[in-house]
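One structure below.
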Amino acid sequence: MNDMRLAERTVDTKGKPIKFSCRNVQVFYGDKHAIKDVDVDLEDKTVTAFIGPSGCGKSTFLRCLNRMNDTIDVARVDGKLMLDGEDIYDRRVDPVQLRARVGMVFQKPNPFPKSIYDNVAYGPRIHGLARNKAELDGIVEKALRGAALWNEVKDRLGESGTGLSGGQQQRLCIARAVATSPEVLLMDEPCSALDPIATSQVEDLIDQLREDFSVVIVTHSMQQAARVSQKTAFFHLGNLVEYGTTDDIFTRPQDPRTESYISGKIG
Amino acid sequence: MSPFWIMVTILVLAALGYVLGRRRAGSVAAGDIRGLHSRPTYYGWNVALFTALPSLLVLLMWVLAQPLVVDRAIGANIPESAVADAGARGRIMSEVQGTAISIGEAVNKGLLTEAEARSLTPDNTALLDRLADEDITLTPNPAVLEAAKDYRSINQNASRTLTGLSLLLALGGFGWAMARTRPDYRARNVVERFIRGFLILCSLIAIATTVGIVLSLVFESYNFFQLYPWQDFFFGTEWTPSFGGGSRLGMLPLLWGTLYISLIALLFSVPVGLFAAIYMSEYATPRVRGVVKPLIEILAGIPTIVYGLFALVTVGPLIRDWIAQPAGLGNSGSSVMTAGLVMGIMLIPFVSSLSDDIINAVPQSLRDGSLGLGSTPSETIRNVVLPAALPGIVGAVLLAASRAIGETMIVVLGAGAMAQTSLNPFEAMTTITVKIVGQLTGDNDFASPETLVAFALGLTLFVMTLALNVAALVIVRKYREQYE
């Protein structure tokens, strides 16, 4: 654990507006009660980490935030999830528009079988973010630079995105999500398929993304949570056990379950 | 013993060998089967295989070879004086065989003793009359009767030798394999080598059959092109076969009909099938899909002759009365349009089922990725799923096309049998397959080009569908490499 960086991080955890406000959230998969009574406020321009043992519901909760659970037939979500004060499960909200505001990066890199350029340009084209080719080129370059991938791929933008290495593919997926200019970026264990070097590149990237977006990251690695996040939420058996600044969670946990988890006794 | 009973005996021996071999393996292991190299079952199989295989092989070869050898021996014994010409020799040989069988029947019924059968002569009229009363008429030709007696005795000797030889081989194999059943004997390796040989044999049968079919097509086509110039066949625009001579056998009208009907069938089936597949894989709930998919696949199970009836009775008149006649495009009940549409219906399950599988094979993570960027389900299908599935879909379409090109029954009943070239889809035309059937129905003279042309047509068709299938396979394989 990098205490130096933790100390730095504590400075900017105060006074951020709330982006997501969740009250009494329940998720059911068929008969299984996967998420129970979760109340949480996620701050803007902050990296929030969800940690917890496998099957504790952290990914499920993440997928509630952009209604990706809608694509699973048996999933049912109850409770209030407010994005900037607006209930995202309201009948009038179109999940398609919501997902343009709340982007997502998945556990396994999933570049489309298209060129690198077309992968990044996919979102901007759909949402009409560019009026002409030059603007689109600009967006693609900015997103790729933002994902720290530009220098590696600038000479081969026409090649297939599936031909990149695992780490490059994941950064391409991040660039793809960034290019759409979302307000919130959800990341579901974005480094679990990556080697240590690629992981550290992606982590650096997440730290930079905080300037423009609110980032929510699900991770298995407590070290990663400590390195990249300012706020941490600990999930256990579908409950949100503890939520606070990363510093507090890792150094002064209130709940005995949190303490056993971060000290490696459960999970 | 007859070959059948020899085979049964060998198999019984082999089964016995399996049981005994396994038991012996158990006893040589002295209770602890971990001391054996292989599991006891393998020792059992080892004994069974060594009992059955060599003797069954000898039996098979003998049964195949015996008629040839015996016929040649008997044929050489028949005096030249009894044979009038080349064709007569064949007739006499079958007469000899028939007589030998009749004598055998008489002996079996107890009308003749074995000794009487051996000393049978045409002079012994009393005996022959007795047989004739029982409806067994023997030939009065002394040469044939003599030959039939020889035939019988040779076969009897051969049968005895065969029985002895194969049973001896079976017992020998049994004893040898039993003797080798020791703890350090690698029974599993031996058995697995046998099994591998058997697997190779099975795949060779399929390959050999294909090669055989192609060769027969090629040889008969060669004969055809000796009789009829190939330029006229491939580039002739007139198809007027007449067995009296003076036929014109140009395949272009048939090729045109084939391609035209297939094109209409594909134009109909590909969009319908593809959209059905998209609905089933992307929009339908599991319950709807569970009902709709089997229902569509039932279409694939309908025999094509039934589709043909549908074309003849329903679609043909419908198209004629409602489209062709009002538009002044023709009066024919059978038309390219009819056959094409009905064939298109037949192809729907092909296209939809294959495309559905291919669309389902597109990883869910790609859909999630696209939806996660805020694109709608239809944008996801158009921009991500279909492009990713496209090579596979093209493969499915090509397979459907080769199916369409080879279809016969729907065309016979739907499009008629008139060989002509026209752009009007409401006229009757015909295809290569229909004409192959036409040329081979009735009395065939395999020396005339009118019959042999069927093989040249078949070869052309085979080359066309082969090319399509190869293209489909190449495309589908390329697609698979992308995702696995």
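Within the group B:V69, B:V47, B:V58, which residue is surrounded by fewer than 15 Cβ atoms within 10 Å (Cβ to Cβ) and out of contact with any strand residue (DSSP E or B) (no Cβ under 9 Å at 6 or more places or on another chain)? I'd like the intermediate steps shown before the answer.
Details: B:V47 fails: surrounded by fewer than 15 Cβ atoms within 10 Å (Cβ to Cβ); B:V58 fails: surrounded by fewer than 15 Cβ atoms within 10 Å (Cβ to Cβ).
After applying the criteria, what remains is B:V69.
Among the residues of segment B:356-382, what is the count of those that are surrounded by fewer than 21 Cβ atoms within 10 Å (Cβ to Cβ), among the polar types (S, T, N, Q) and within 8 Å of chain A (Cβ to nearest Cβ)?
Summing the residues that are surrounded by fewer than 21 Cβ atoms within 10 Å (Cβ to Cβ), among the polar types (S, T, N, Q) and within 8 Å of chain A (Cβ to nearest Cβ) in segment B:356-382 gives 2.
Could you list, in sequence order, all residues of segment A:99-113 that are of a type outside the set (G, A, S) and either buried (at least 20 other Cβ atoms within 10 Å of the Cβ) or facing chain B (nearest Cβ under 7 Å) (or both)? Explain how you work it out, then say what you get.
From segment A:99-113, those of a type outside the set (G, A, S) are A:99, A:101-102, A:104-113; that's our starting set.
Of everything in segment A:99-113, those that are of a type outside the set (G, A, S) and either buried (at least 20 other Cβ atoms within 10 Å of the Cβ) or facing chain B (nearest Cβ under 7 Å) (or both) turn out to be A:R99, A:V102, A:M104, A:V105, A:F106, A:K108, A:P109, A:N110, A:P111, A:F112, A:P113.
When segment B:178-206 is examined, which residues are found to be among the charged types (D, E, K, R) and in a helix (DSSP H, G or I)? Lay out the reasoning, then the answer.
Taking segment B:178-206 and keeping what is among the charged types (D, E, K, R), we get B:180, B:182, B:184, B:186, B:188, B:192-193, B:196.
Across segment B:178-206, the qualifying residues are B:R188, B:E192, B:R193, B:R196.
Let me spell it out: the conditions are (1) over 15 Å from the mean Cα position of the chain (by Cα); (2) surrounded by fewer than 21 Cβ atoms within 10 Å (Cβ to Cβ), and A:D44 meets all of them except one. Which number is the exception?
(1)
Can you tell me which residue within segment B:364-396, out of those that are under 15 Å from A:P109 (Cα atoms) and of a type in the set (G, A, S), is nearest to the chain's Cα centre (by Cα)?
It comes out as B:S365.
Between a first residue in segment B:1-27 that is closer than 11 Å to B:M178 by Cβ and a second residue that is β-branched (V, I, T) and in a helix (DSSP H, G or I), which pairs have beta carbons less than 6 Å apart while being 6 or more apart in sequence or on different chains?
Note: pairs meeting the criteria are B:G17/B:V47; B:G17/B:T51; B:G21/B:V47.
Which residue out of B:A396, B:A400 is modelled with pLDDT of 90 or more and either buried (at least 22 other Cβ atoms within 10 Å of the Cβ) or within 14 Å of chain A (Cβ to nearest Cβ) (or both)?
On the way: B:A396 fails: modelled with pLDDT of 90 or more.
Selected residue: B:A400, the only one of B:A396, B:A400 that is modelled with pLDDT of 90 or more and either buried (at least 22 other Cβ atoms within 10 Å of the Cβ) or within 14 Å of chain A (Cβ to nearest Cβ) (or both).
Please indicate, with yes or no, whether at least one residue in segment A:41-60 is in a helix (DSSP H, G or I) and within 24 Å of A:Q168 (Cα to Cα). Even if it seems obvious, please write down each step before you answer.
Within segment A:41-60, the subset in a helix (DSSP H, G or I) is A:58-60.
Then keep just the ones that are within 24 Å of A:Q168 (Cα to Cα); that gives A:59.
Yes; the residues of segment A:41-60 include at least one that is in a helix (DSSP H, G or I) and within 24 Å of A:Q168 (Cα to Cα).
Would you mind listing the helices (runs of 4 or more DSSP H) fully within segment B:270-373 where at least 1 residues are hydroxyl-bearing (S, T, Y), farther than 19 Å from B:V397 by Cα and modelled with pLDDT of 90 or more? Break it down stepwise before answering.
On the way: elements: B:286-301, B:304-310, B:316-319, B:336-361, B:364-372.
In segment B:270-373, the matching helices (runs of 4 or more DSSP H) lie at B:304-310, B:336-361, B:364-372.
Out of A:G128, A:G161, I need the residue that is surrounded by 17 or more Cβ atoms within 10 Å (Cβ to Cβ) and over 20 Å from the mean Cα position of the chain (by Cα). Which one? Outline the logic, then answer.
On the way: A:G128 fails: surrounded by 17 or more Cβ atoms within 10 Å (Cβ to Cβ).
Criteria check complete, one pass: A:G161.
Only helices (runs of 4 or more DSSP H) wholly contained in segment B:381-476 count here; list those with 2 or more residues that are in contact (Cβ under 8 Å) with a residue 12 or more places away in the chain and farther than 26 Å from B:L341 by Cβ. Quick ask: steps written out before the conclusion?
Values: elements: B:386-406, B:409-415, B:432-440.
Per the criteria, B:386-406, B:432-440.
Residues checked against (1) under 27 Å from A:Y29 (Cβ atoms); (2) charged (D, E, K, R); (3) touching a residue at least 24 places away in the same chain (Cβ under 8 Å):
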| site | (1), (2), (3) |
| --- | --- |
| A:R145 | no, yes, no |
| A:T199 | no, no, yes |
| A:Q208 | no, no, yes |
| A:Q224 | yes, no, yes |
| A:G238 | yes, no, yes |
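On the given criteria, is A:K19 buried (at least 21 other Cβ atoms within 10 Å of the Cβ) and at pLDDT below 90? Don't jump to the end; show me each part of the working.
Numbers: buried (at least 21 other Cβ atoms within 10 Å of the Cβ): yes; at pLDDT below 90: yes.
Here the answer is yes, as A:K19 does meet what is asked.
If I ask for residues that are part of a loop (DSSP other than H, G, I, E, B) and either within 23 Å of A:Q224 (Cβ to Cβ) or within 14 Å of chain B (Cβ to nearest Cβ) (or both), which ones from segment A:30-40 would you list? Let's see the steps before the verdict.
Initial filter on segment A:30-40 (part of a loop (DSSP other than H, G, I, E, B)): A:30-31.
Once the filter is applied, which keeps residues that are part of a loop (DSSP other than H, G, I, E, B) and either within 23 Å of A:Q224 (Cβ to Cβ) or within 14 Å of chain B (Cβ to nearest Cβ) (or both), segment A:30-40 yields only A:G30.
Name the single residue, out of those in segment A:173-198 being out of contact with any strand residue (DSSP E or B) (no Cβ under 6 Å at 6 or more places or on another chain) and either at positive phi or charged (D, E, K, R) (or both), that is nearest to the other protein chains (Cβ to nearest Cβ). Before you say what the answer is, go through the steps one by one.
The initial filter retains those residues of segment A:173-198 that are out of contact with any strand residue (DSSP E or B) (no Cβ under 6 Å at 6 or more places or on another chain), namely A:175-176, A:178-179, A:181, A:183, A:191-198.
From what is left, the residues that are either at positive phi or charged (D, E, K, R) (or both) are A:176, A:181, A:183, A:195.
Values: A:R176: 7, A:S181: 10, A:E183: 11, A:D195: 20 Å.
Here the answer is A:R176.
I'm checking my understanding of the structure. Among residues of segment A:71-98 that are surrounded by fewer than 17 Cβ atoms within 10 Å (Cβ to Cβ), of a type outside the set (V, I, T) and within 19 Å of the chain's Cα centre (by Cα), which one is nearest to A:D188 (Cα to Cα)?
Top of the filtered list is A:Q97.
Among the residues of segment A:66-98, write down those that are within 13 Å of chain B (Cβ to nearest Cβ), assigned to a loop (DSSP other than H, G, I, E, B) and more than 25 Å from A:G30 (Cβ to Cβ).
A:D94
Could you pull out every one of the helices (runs of 4 or more DSSP H) wholly within segment A:115-169 that has 1 or more residues that are more than 20 Å from B:L366 (Cβ to Cβ) and within 14 Å of chain B (Cβ to nearest Cβ)? Before you say what the answer is, go through the steps one by one.
Details: elements: A:116-127, A:133-146, A:150-153.
Hits in segment A:115-169: A:133-146.
Would you be able to say whether some residue in segment B:41-48 is farther than 30 Å from B:M178 by Cα and of a type in the set (G, A, S)?
Let us first name the residues in segment B:41-48 that are farther than 30 Å from B:M178 by Cα, namely none.
No, segment B:41-48 contains no residue that is farther than 30 Å from B:M178 by Cα and of a type in the set (G, A, S).
With (1) touching a helix residue (DSSP H, G or I) at 6+ places or on another chain (Cβ under 8 Å); (2) of a type outside the set (K, R); (3) over 23 Å from A:S229 (Cβ atoms) as the list, and A:D87 as the residue in question, which single condition is left unmet?
Evaluating A:D87 over (1) touching a helix residue (DSSP H, G or I) at 6+ places or on another chain (Cβ under 8 Å); (2) of a type outside the set (K, R); (3) over 23 Å from A:S229 (Cβ atoms) leaves (1) as the failure.
Just to be sure, is B:A147 at pLDDT 80 or above and part of a helix (DSSP H, G or I)?
On the way: at pLDDT 80 or above: yes; part of a helix (DSSP H, G or I): yes.
Spelling it out, B:A147 is indeed at pLDDT 80 or above and part of a helix (DSSP H, G or I).
The values are calculated or read from the model by the stated rules, or taken from the named source; none is laboratory data. These numbers were taken from a predicted model, which means no experiment stands behind them. We place every Cβ from the backbone using ideal geometry, glycine too, and count neighbours over all the protein chains shown.
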